[in-house]
Amino acid sequence: MNEKCILDENKICDDCGECDKCDLDSAKICDNCGKCIGMDADSRAIEIEDVILKK
């Protein structure tokens, strides 16, 4: 099954790699350094709304 692109809901993922690029330096692959998040409280926490258990 083809997955949708996470950056464009009207596109099927074609493994272009655009979603792996760093938000601050487009020549860099994201390494999860967190520099793009900043220090505001909203982006330092994730609210879990639901847990889906696979059977």
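Of everything in the stretch 1-51, what is outside any loop (DSSP other than H, G, I, E, B) and at pLDDT below 85? Give them in sequence order. If the condition is that a residue be outside any loop (DSSP other than H, G, I, E, B) and at pLDDT below 85, then A41, D42, S43 are the ones that fit. Filtered by the rule that a residue be open to solvent by less than 80 Å² (accessible area, probe 1.4 Å) and either under 13 Å from the mean Cα position of the chain (by Cα) or of a type in the set (A, V, I, L, M) (or both), the stretch 1-19 gives C5, D8, G17, C19.
The values are calculated or read from the model by the stated rules, or taken from the named source; none is laboratory data. Remember, it's a predicted structure, so these values are computed and weren't measured experimentally. Accessible surface is based on the protein model in full, side chains and every heavy atom, while ligands, DNA and RNA are left aside. Shrake-Rupley method; radii C 1.70, N 1.55, O 1.52, S 1.80 Å.
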